[in-house]
Amino acid sequence: MGSWARCSRAPEPSFFPRGWPAIKKTLLGVTTILDTLGTGFAYHLSHSAYRLASRPFSLSFATLGAIAFGGQVAIFTGATLWSWRLRQWTMHHLAASLLLFTAITSLHRDLAGYAELKRFDFVPLLLVLLLARALGELFPPRSKRPRRLVAVWAALALLVAGQTALGLKWGPAFRATYVATAPWDVVPHPEPMMYGREGQSWFEYFRRIRERSPNACRHGFTIGELADASWNFDLSGSLWSELPDHLAIGESAQIAAMRVARWRFPPRIMPVAQARAGHTAEGCAWVSAEAARLLAKPTPTRR
């Protein structure tokens, strides 16, 4: 089996195009490619995170993608010519990497639109390195124009301060949307319940539980409360970091239906019948309100 065949068949489900007809279709889908790039570009122009309320400048995502790609081609051309003139190729390599990564990343359209935010994270990082290299050429350490150098540093300081202020303003406002709009045992959860709880990130939520119950021998939740750990590694990582003694309690049928054993980082699982006996015997466990209600239900008797 060829190397391409091996790549296109694993893992499952695979997002690689299968065969040359599929590859050709992907490469000729120019509008889709530009739309993907434009979506990532739009996310980086805002603080909208998981949802993009409106398109900047009232342009379509495909148009934004064309502008972004054209801008990168111009950057690549300018950096290459400058590098050739200086006989120093750092800027050329950075600009070429930026253009290449952008072109390749734009070929895949993620099912979740907000994923383009993280998939194009390399763009500002490479632009910062490219800008730093360009400024190093324009304003060398022994520049004869120190005022211009001071002006550049002042502008960068204002940019950092502005970005920090926007982040500090946006973060609490967005976390305030993390509220329960449905019962936790009803899955899938609505979007506000996926990324945090009670106006806190998952990390902060679990850490505060640990701080409020330092002497607890266990921390019990229902499996429904932790359902998004099947894909949200922020939840599972925060849970294991802050509450390593946790228990995810649920009916055996529910645990099997949610296929918890196949999660990448599954929580500690305990069937509800076993949890009822252990919780009653120990009496030192902290349990969530949902878990307490589940434990309080009478155990069904077999006839």
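The values are calculated or read from the model by the stated rules, or taken from the named source; none is laboratory data. For clarity, every value in this text was computed on a predicted model and none was experimentally measured. Here the Cβ positions follow ideal geometry from the backbone for every residue, glycine too, while neighbour counts run over all protein chains shown.
Points worth noting:
- Per this entry, residue 141 is counted among residues that are surrounded by fewer than 10 Cβ atoms within 10 Å (Cβ to Cβ) and modelled with pLDDT under 85.
- Set 176, 157: member being of a type in the set (A, V, I, L, M), out of contact with any helix residue (DSSP H, G or I) (no Cβ under 7 Å at 6 or more places or on another chain) and exposed (fewer than 12 other Cβ atoms within 10 Å of the Cβ): 157
Condition check ((1) farther than 29 Å from residue 33 by Cα; (2) not assigned by TED's automatic domain parsing to the domain that holds residue 38) across all residues:
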position	(1), (2)
86	yes, no
99	no, no
118	no, no
149	yes, yes
160	yes, yes
168	yes, yes
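- Every residue from the range 107-138 that is over 30 Å from residue 87 (Cβ atoms), modelled with pLDDT of 80 or more and acidic (Asp, Glu): 121
- Single unsatisfied condition, residue 129 versus (1) out of contact with any Leu (no Cβ under 7 Å at 6 or more places or on another chain); (2) in a helix (DSSP H, G or I): (1)
- Selection within the range 70-90 - surrounded by 16 or more Cβ atoms within 10 Å (Cβ to Cβ) and over 28 Å from residue 30 (Cβ atoms): 82, 83, 90
- Test: residue in the range 111-133 that is of a type outside the set (Ser, Thr, Tyr), farther than 24 Å from residue 163 by Cα and surrounded by 14 or more Cβ atoms within 10 Å (Cβ to Cβ): no
- Conditions (1) closer than 30 Å to residue 46 by Cα; (2) assigned to a loop (DSSP other than H, G, I, E, B); (3) touching a strand residue (DSSP E or B) at 6+ places or on another chain (Cβ under 7 Å): number failed by residue 179: (3)
- The range 229-263, residues that are closer than 23 Å to residue 297 by Cα and among the hydroxyl-bearing types (Ser, Thr, Tyr): 252
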